[in-house]
1. Counting just the residues of the range 79-90 that are of a type in the set (Asp, Glu) and surrounded by 15 or more Cβ atoms within 10 Å (Cβ to Cβ), which one comes out farthest from Leu22 (Cα to Cα)?
2. What pairs come up if the first residue lies in the range 95-110 and is within 22 Å of Gly36 (Cβ to Cβ) and aromatic (Phe, Trp, Tyr), the second is at pLDDT 95 or above and part of a helix (DSSP H, G or I), and their beta carbons are under 7 Å apart, counting only those six or more places apart or on different chains?
3. Filter the range 1-52 down to the residues that are in a loop (DSSP other than H, G, I, E, B) and of a type in the set (Ser, Thr, Tyr), then identify the one that is modelled with the highest pLDDT.
4. Just checking, does the range 62-69 include any residue being under 14 Å from the mean Cα position of the chain (by Cα), assigned to a helix (DSSP H, G or I), within 24 Å of Ala120 (Cα to Cα) and of a type in the set (Ser, Thr, Tyr)?
5. Considering only the range 91-106, state which residues are surrounded by fewer than 16 Cβ atoms within 10 Å (Cβ to Cβ) and part of a helix (DSSP H, G or I).
6. Kindly check whether there is at least one residue in the range 62-81 that is in contact with a Lys or Arg (Cβ under 9 Å, 6 or more places away or on another chain) and at positive phi.
Amino acid sequence: MTDLVHVDLELLAGLTAELDPLMCGILASGDVKQAGDFVDDVTRHCMESPYWEHLSSASSIYCIWMDIDDILDGWPVDYGPDSEALALREFKRAAQEWLDMPRTQTGLQDYLDRWRMRMADTWPAPGGVHWRQRRASPGAHDDPRQP
């Protein structure tokens, strides 16, 4: 777990007011394309002022959603025909956990820590080797498409 960083609760309230309807849209999405459109809006809001400049957690939220979105790009691991189902499942899981999150400094920190840990340790990987482990192995390249 990371150390708690001071979170401006007024900024967090503003960001959640903008993100909550998008998270509800993700949960109501019938397919990954529709969910992905909401995800694009989530990340755009995280990069907007004043959040990007004054709420350090906005960049962490952005990174979580972009890491999930990377499943669709086949980067850094191609999940093959399961990519869309996996991405949609994780989009909905992240959205539900966001909506369930207490709107406090601790609630936000727990959400961020849980997702960092999940992405680092538990996402399924082809061949049984998690993609972050594969990248860290001797001789591994950041881009698995490169020799």
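1. Step one: list which residues in the range 79-90 are of a type in the set (Asp, Glu), which gives 82, 84, 90.
Next, only the ones that are surrounded by 15 or more Cβ atoms within 10 Å (Cβ to Cβ) stay: 84, 90.
Working: Glu84: 19, Glu90: 15 Å.
Only one residue tops the list, namely Glu84.
2. Pairs that qualify, where the first residue is within 22 Å of Gly36 (Cβ to Cβ) and aromatic (Phe, Trp, Tyr) and the partner is at pLDDT 95 or above and part of a helix (DSSP H, G or I), are Trp98/Leu19; Trp98/Met23; Trp98/Tyr111.
3. Step one: of the range 1-52, the residues in a loop (DSSP other than H, G, I, E, B) are 1-8, 29-31, 48-50.
Retained after the next criterion (residues that are of a type in the set (Ser, Thr, Tyr)): 2, 29, 49.
Working: Thr2: 46, Ser29: 97, Ser49: 94.
Ranking the candidates gives Ser29 first.
4. To start, the set of residues in the range 62-69 that are under 14 Å from the mean Cα position of the chain (by Cα) comprises 62-69.
Subsequent filtering for residues that are assigned to a helix (DSSP H, G or I) retains 62-69.
Checking which are within 24 Å of Ala120 (Cα to Cα) leaves us with 62-69.
Checking the rest, the ones that are also of a type in the set (Ser, Thr, Tyr) come to 62.
Among the residues of the range 62-69, at least one is under 14 Å from the mean Cα position of the chain (by Cα), assigned to a helix (DSSP H, G or I), within 24 Å of Ala120 (Cα to Cα) and of a type in the set (Ser, Thr, Tyr), which makes the answer yes.
5. Applying the first criterion (surrounded by fewer than 16 Cβ atoms within 10 Å (Cβ to Cβ)) to the range 91-106 yields 93, 96-97, 99-100, 102-104, 106.
Arg93, Gln96, Glu97, Leu99, Asp100, Thr106 - these are the residues of the range 91-106 that are surrounded by fewer than 16 Cβ atoms within 10 Å (Cβ to Cβ) and part of a helix (DSSP H, G or I).
6. Among the residues of the range 62-81, at least one is in contact with a Lys or Arg (Cβ under 9 Å, 6 or more places away or on another chain) and at positive phi, which makes the answer yes.
The values are calculated or read from the model by the stated rules, or taken from the named source; none is laboratory data. Remember, predicted model here, so these are calculated numbers, not experimental data. Please note: Cβ atoms are built from the backbone with ideal geometry, for glycine as well, and neighbour counts cover all protein chains shown.
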